[in-house]
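Q: Okay, handing you the structure first.
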Amino acid sequence: MRSLTVYGVNLTVSRNFMSKPYYNKLQNLLDMEVTAFDRLYSLLRFTDVKKKDFVLKEGDTCKFIGLVQKGTLRTFYVNEKGEEVSFLFHFNQQIEDIVFTDYESFLLETPSKLNIQALEDSTVCFINYDDWQRLCNESDYWMHFSKKMTEKVFLAAKRRIEDLLYYSPENRYLKLLKDNPLLFQKIPQKLIASYLGITPQSLSRIRKRICIN
């Protein structure tokens, strides 16, 4: 056990903590052989994050790839008007939801433009930059795995941008409802509206219109 300070909050960090259901779920989602997965899992550091605590703030360099074990986090940025715009939500479901990081900042070691904050008390785990680099240098397997992860991050970001560019607000709502219904149970409406690029009032009108039809 050791302590970790994240924006003034002292967190207790446990390395190699074993939660069998979570272990099994991650192994299945990552689709890795047991030996390789055990190597990755051995590098994870688990910690509890309180509601409203940040694990990353704009201007800081992201030095981790994070995974949600329990709870909910969001990635957001602040636009030129000073408004918070939700970009991604993270919870324990699909691999695209579980992972949280600023991959650009992580890879290039540059200041992040993003914030990552817990929306409720959560349990998360991290692999830090140095451990990740050592892992990728161990063998071609891990270099290939890193490439696959980069591709997943790129494609998820591309789909997110395409949704905003090509779909109307109502169709964005319907698509999100179909693809990720759990999100509507866990995330406040005003944050979902921000994610969809509309006002909470517009979201309410869309929901009423759909219910009537």
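Derivation of every value follows stated rules applied to the coordinates shown; laboratory data play no part. Since the model is a prediction, treat every value here as computed from it, not as a measurement. Here the Cβ positions follow ideal geometry from the backbone for every residue, glycine too, while neighbour counts run over all protein chains shown.
Q: For L174 and I210, compute 0.36 nm times the residue count separating them, minus their Cα-Cα distance, and round to one decimal in nm. Spell out each step's value before the answer.
A: On the way: separation 36, 0.36 × 36 = 12.96 nm, distance 0.91 nm.
Extending this stretch completely gives an extra 12.0 nm.
Q: Among the listed pairs K57/K147; K25/K148; K50/K175; K20/K158; K178/K208, give every one whose C-alpha distance is greater than 29 Å.
A: On the way: K57/K147 26 Å; K25/K148 19 Å; K50/K175 31 Å; K20/K158 33 Å; K178/K208 17 Å.
Beyond 29 Å: K50/K175; K20/K158.
Q: Separate question: Going toward the positive end of the dipole of segment 95-213, with +1 on Lys and Arg Cβ and -1 on Asp and Glu Cβ, which of Q133, S112, I161 do you reach last?
A: With unit charges placed on the Cβ atoms, the residue in question is I161.
Q: Quick one: what do you get for segment 42-90 if you divide its Cα Rg by 2.2 N^0.38 Å?
A: On the way: Rg = 12.5 Å, N = 49, 2.2 N^0.38 = 9.7 Å.
It is 1.30.
Q: What is the dipole size for the chain, taken about its Cα centre, with +1 at each Lys and Arg Cβ and -1 at each Asp and Glu Cβ, in debye to the nearest 20? Could the numbers behind the result be given before it?
A: Details: 31 positive and 26 negative charges, 174 e Å.
So the dipole magnitude of the chain works out to roughly 840 debye.
Q: Ignoring everything except DSSP H segments at least 4 long, calculate the 222 nm mean residue ellipticity for the chain; use -39,500 (n - 2.57) per segment, divide by total residues, nearest 500. Kindly include the intermediate steps, with their values, before the conclusion.
A: On the way: 10 runs with 102 residues, N = 213.
It comes out at -14000 deg cm²/dmol, rounded to the nearest 500.
Q: Picking from F64, A36, I198, whose Cα lies most toward the positive end of the charge dipole for the chain (charges on Cβ: Lys, Arg +1; Asp, Glu -1)?
A: Of the options given, the answer is I198.
Q: Something else now. With a sphere of radius 10 Å drawn around the Cβ of V124, what net charge do the other residues whose Cβ falls strictly inside it have (Lys, Arg +1; Asp, Glu -1)? Kindly include the intermediate steps, with their values, before the conclusion.
A: Details: positive: R45, K70; negative: D48.
Here the charged neighbours net out to +1.
Q: To two decimal places, what compactness ratio does the chain give when its Cα radius of gyration is scaled by 2.2 N^0.38 Å?
A: Values: Rg = 17.9 Å, N = 213, 2.2 N^0.38 = 16.9 Å.
Cα Rg divided by the expected 2.2 N^0.38 Å: 1.06.
Q: In straight Cα distance, which lysines are under 18 Å from K51, not counting same-chain residues fewer than 8 positions off?
A: K70, K186, K190
Q: Using alpha carbon centroids, what distance separates segment 17-58 and segment 158-213, in Å?
A: For segment 17-58 versus segment 158-213, the Cα centre distance is 29 Å.
Q: Would you mind calculating the relative contact order of the chain from Cα pairs under 8 angstrom and at least 6 residues apart, reporting the percent as a whole number?
A: Once divided by the residue count of the chain, the mean separation gives 20 percent.
Q: May I ask you to compute the full-extension gain from E58 to A156, defined as 0.36 nm times their residue separation minus their alpha-carbon distance, rounded to one decimal in nm? Write out the running numbers ahead of the final one.
A: Working: separation 98, 0.36 × 98 = 35.28 nm, distance 2.11 nm.
Working it through step by step, the gained length comes to 33.2 nm.
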